[in-house]
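See below for the structure under consideration.
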Amino acid sequence: MKTLTKNNISIKKQQVKDFIKINLPLSLVNSKEVNSYFEPLIQQFIPQWTNHRFRAKILSVVRISHNVIALTLQPSKKWSGFLPGQFIELTTHQNGAAFTRCFSISSAPRLWEKDNKIELTIREQNNGKVTPWLINGLKAGEYTQISAAKGDFTLTDRPNHKVLIAAGTGITPIKSMLGSLKYERHDSSIDLIYFARDEHLFQEELTTLASHSHLKNHAKINVHFINSKSQGRFSIDMLRQICPTFIDSEFFICGPAQMITDTRQALIKEGVSQQHILQEFFSAHSTQPDLKDIQISNTELGNVQFIKNAMPTDVSATPKTTLLELAEAAQLNPNYGCRMGVCHQCKCTKKSGITLNTTTGQISDTGEEEIQLCVSLPVGDVQVEI
Ligand code: FES
């Protein structure tokens, strides 16, 4: 046990004073919950302690290509595990500000159950604020914060043939799904169609997984690596060549928003039931919602009043600009995480006016209600408390 000397104690006191000076005001500004105010202070003494989130130790950061890292984490014991295909929110701090991003877990649950570890695969996003920092800034031995596992992009027990379609880092939740099948008896057969422009992540691992699956009583996995530069994008003709009888198959799609939308539309047009198509946007999703189909005429653009700590700030709405972007442009530093309507971290109260939810296409009522800033467009004058 370490003995505290007088010198140690006064250094510690000074550290705490400095810490309170720097972090407590930030906490007070950024969080509405009393417990959160004291979180940075308590973590000076107990690094694992956190409010609502789970501390996770970074065990290793391994670069697996020039812009992709594999991150191995050891979540605290209170973390309750995950289903293959689910994601977590990872929160990091840069210069005192918290940033949160969603990442699918790429390892199979077995690694968590056996060794208390999970793996994330993170690709640097162009123009991203957070992923370049994660790639270069995360260090083994440090702690980060994660949420409970979330999401319903998980394999079903139905015996139908399954088609998993991934593009780019959209392979990560699918790798977790396929890895989990290695340990279970499963009657269904699976085709993985994996698109990538330059490199297919986990190519060797997936190929081995597929060949082993044909030797055992597990789901039979066939992998099809498609170079989207030379072989093109998903098409029904391509699907027909891989699995001619796909109408009753279940589809699991993960990749960029446009790829998901196009693939989904093509499948539905061909007669695949919507109930048999599940998709996940996280891994390679751009940080902005897709607003190209949303038409807001100039007459519907009004004034947005943000109220923060009882102080009003007036902003003029601009076309196709979400309330999150408007608040950020006004330097109001609203909370956010995924920026795509999933994590609910940007949730706040619209006091009055009408907003359009870009993910559901729904127009709100004029009264007070909770909205998500990142997927809401103002329609006319709106007042929002953030
Ligand atoms: S930032 Fe995640 S829902 Fe808005």
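Some values worked out for this structure:
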quantity	calculated
Extreme residue, surrounded by the fewest Cβ atoms within 10 Å (Cβ to Cβ), among residues of the stretch 110-145 that are among the aliphatic types (A, V, I, L, M) and at pLDDT 90 or above	A140
Single match in S107, S36, S80 (criterion: modelled with pLDDT of 95 or more, among the hydroxyl-bearing types (S, T, Y) and not in a strand (DSSP E or B))	S107
Residues (within 23 Å of S273 (Cα to Cα) and not hydrophobic (A, V, I, L, M, F, W, C)) located in the stretch 156-184	T156, D157, R158, P159, N160, H161, K162, G170, P173
Number of the exception - P47 against (1) part of a strand (DSSP E or B); (2) more than 16 Å from the chain's Cα centre (by Cα); (3) at pLDDT below 95	(1)
Residue, farthest from K308 (Cα to Cα), within the stretch 356-376, restricted to residues that are touching a helix residue (DSSP H, G or I) at 6+ places or on another chain (Cβ under 7 Å) and crowded, with 20+ Cβ neighbours inside 10 Å	T358
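The values are calculated or read from the model by the stated rules, or taken from the named source; none is laboratory data. All figures in this text were calculated on a predicted structure; none of them were measured in a lab. Quick reminder, even Gly has a Cβ in these numbers, built from the backbone with ideal geometry, and neighbours come from all protein chains shown.
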